[in-house]
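To keep things clear, I will list the structure first and then write my remarks on it.
All of the numbers you see were taken from the coordinates with simple rules; none came from a lab. Because the structure is predicted, anything quoted here is derived from the model rather than measured. For neighbour counting, all protein chains shown are included, and Cβ atoms are generated from backbone atoms with ideal geometry for every residue, glycine included.
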Amino acid sequence: MRNVIAVYVENKYGVLARVSGLFMRRGFNIDSLTVGETDDPKYSRITVTLNGDLYTREQLINQLKKLHNVKQVQHLEDKNTVERELMLIKVRNTAEKRSEVMAAVQIYRARSSTTPPIPCVSRSPVNPQKFRPSLR
C-alpha cells in the first residue's frame with residue numbers, strides 16, 4: 001500500500017539528515033521525498049511517499065514523533081490530497097526545429113521555459129508515463 005506522510009519539522013541545519021537517517025536505520029524504502037519551507041519560516045514540511053502496510057506506517061509515524069525536531073506527523077489520505085508530478089525535458093533546439101518542438105510541447109500541455117539559441121526546457125504536469133514514447 002502506498003503511503004504519503006507529512007512531517008512538520010523545525011527549519012534547522014541537520015534536521016533532514018536526522019529524518020532521512022531514521023528511514024535508513026529502520027529499513028524503510030523512500031519512493032519520493034520533498035522538502036519545503038512553510039508559511040512560517042521557522043518550520044519546514046517534509047513529504048515522504050513510501051510503500052508499506054498499516055503496521056509499517058504506524059511504526060514509522062511513531063518513530064518520527066520521537067525525533068526532537070519533529071513537531072507534527074500526519075498521514076495524508078488519498079481522498080484529501082492533490083498530487084502532481086513535474087517533468088523537465090531538455091531538448092536540443094534549433095531555429096529549424098522550433099515549430100516541431102513547440103507542437104510537441106502543446107500536445108502534452110507543457111510550457112517552454114526558454115527560447116533559441118538556448119536549449120529548450122519544457123515543463124509538464126502530465127503523467128510522465130505518457131511522455132515515454134516521445135522521449136526516444
ask   = Which of the lysines could be linked to K65 by a straight reach, that is with a Cα gap under 26 Å, when you skip same-chain ones fewer than 8 residues away?
value = K12, K42, K79
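Per 0.36 nm of contour for each residue apart, how much would the distance between A6 and Y43 grow if the chain were fully extended, relative to their Cα-Cα spacing? If you can, show how the numbers build up before the last one.
Values: separation 37, 0.36 × 37 = 13.32 nm, distance 1.25 nm.
Taking 0.36 nm per residue and subtracting the Cα distance, the gain is 12.1 nm.
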task = With a 10 Å radius around each residue's Cβ, average the other Cβ atoms per peptide and rank 7-14, 49-56, 24-31, highest first.
result = 7-14, 49-56, 24-31
